[in-house]
Amino acid sequence: MLTVSWILLVICAVAILGSVMLLGQRDTRRAGLQRRFGPEYDRALAEHADRRSAERQLRQIADRRDALTINPLTQADRATYKARWETLQTRFVDDPAEATSLADALVGEVMRARGYPVGSFTERAELLSADHPRVVAGYREAHQRTTAKPDGNGAAGRRDTESLRSAFVRYREVFNQLVGSDAGSGNQAGAAGDQRDRQDRPAAGLAATPGKRDA
């Protein structure tokens, strides 16, 4: 009888130890996702019915991103892209809608040059969130503003110009991250992206219409 009691006690201890280890692994994975995805982690929680589903989606995004080889741009390519962006900033003054659409296309082109697959906008945003989570919300906002139809009156108006200006600035944030940074792979890439995101965010109070200096 005593032997049976000891066996049961050992089984219970092993079960408790296993549960503690599983909880520790879960907490470690969760902390890793929170570090890598930053504000995107909270966004995923808000979009899903439970934390497990949200974290499953983020892990899938991280796995897809980590399967890619993201290459740095050459100095020549970086200079070329920056010169093209300067041209777009100048063009914004005369044609905000066209310049903003071209900014969207240029961001996609740079992503493709770095090695990101750029099939759909949703895919681009998801993969970018694994490296530069702090600019992805602005990227989504910019795309929404760029693709929005004019208001019922059909007039561009100040509201539409201001909306395009905001979108253009958000595209610039993403562009700066892609052209001015060399993303690695895995969680280190996400952590490094977080740091660069914080450093490269523009100061508040930009002029209403971006010019060559403040777009």
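Observations
- Selected residue (only one of Arg124, Arg36 is farther than 30 Å from Thr161 by Cβ, modelled with pLDDT under 95, within 16 Å of the chain's Cα centre (by Cα) and assigned to a helix (DSSP H, G or I)): Arg36
- Qualifying residues in region 159-185 (those that are in a loop (DSSP other than H, G, I, E, B) and polar (S, T, N, Q)) - the one modelled with the highest pLDDT: Ser181
- Filter result for Arg84 (more than 14 Å from the chain's Cα centre (by Cα), farther than 26 Å from Arg29 by Cβ and modelled with pLDDT of 95 or more): yes
- Criterion violated by His48 - all others in (1) surrounded by 13 or more Cβ atoms within 10 Å (Cβ to Cβ); (2) modelled with pLDDT of 95 or more satisfied: (2)
- For region 51-66, the candidate set comprises residues that are free of Cβ contacts under 8 Å to residues at least 40 places away in the same chain and among the small types (Gly, Ala, Ser); within that set, the residue that is surrounded by the fewest Cβ atoms within 10 Å (Cβ to Cβ) is Ser53.
- Residue within region 76-95 that is closer than 30 Å to Glu47 by Cβ and either of a type in the set (Gly, Ala, Ser) or not in a helix (DSSP H, G or I) (or both) present: no
- Criterion: basic (Lys, Arg), modelled with pLDDT of 95 or more, surrounded by 15 or more Cβ atoms within 10 Å (Cβ to Cβ) and not in a loop (DSSP other than H, G, I, E, B) - qualifying residue of Arg145, Arg140: Arg140
- So Leu73, is it over 27 Å from Tyr41 (Cα atoms), part of a loop (DSSP other than H, G, I, E, B) and modelled with pLDDT of 95 or more: yes
- Taking residues in region 67-91 that are within 17 Å of Asn176 (Cβ to Cβ), and partners anywhere that are among the small types (Gly, Ala, Ser), the pairs with Cβ atoms closer than 6 Å and at least 6 places apart or on different chains are Ile70/Gly115; Ile70/Ala183; Leu88/Ala99; Leu88/Ala103; Gln89/Ala215.
- Search result, residues across region 83-104 that are surrounded by 14 or more Cβ atoms within 10 Å (Cβ to Cβ), over 18 Å from Arg140 (Cα atoms) and not polar (S, T, N, Q): Arg84, Trp85, Leu88, Arg91, Phe92, Pro96
The values are calculated or read from the model by the stated rules, or taken from the named source; none is laboratory data. Since this is a predicted model, take the numbers as computed values, not measurements. Cβ atoms come from the backbone with ideal geometry, glycine included; neighbour counts cover every protein chain shown.
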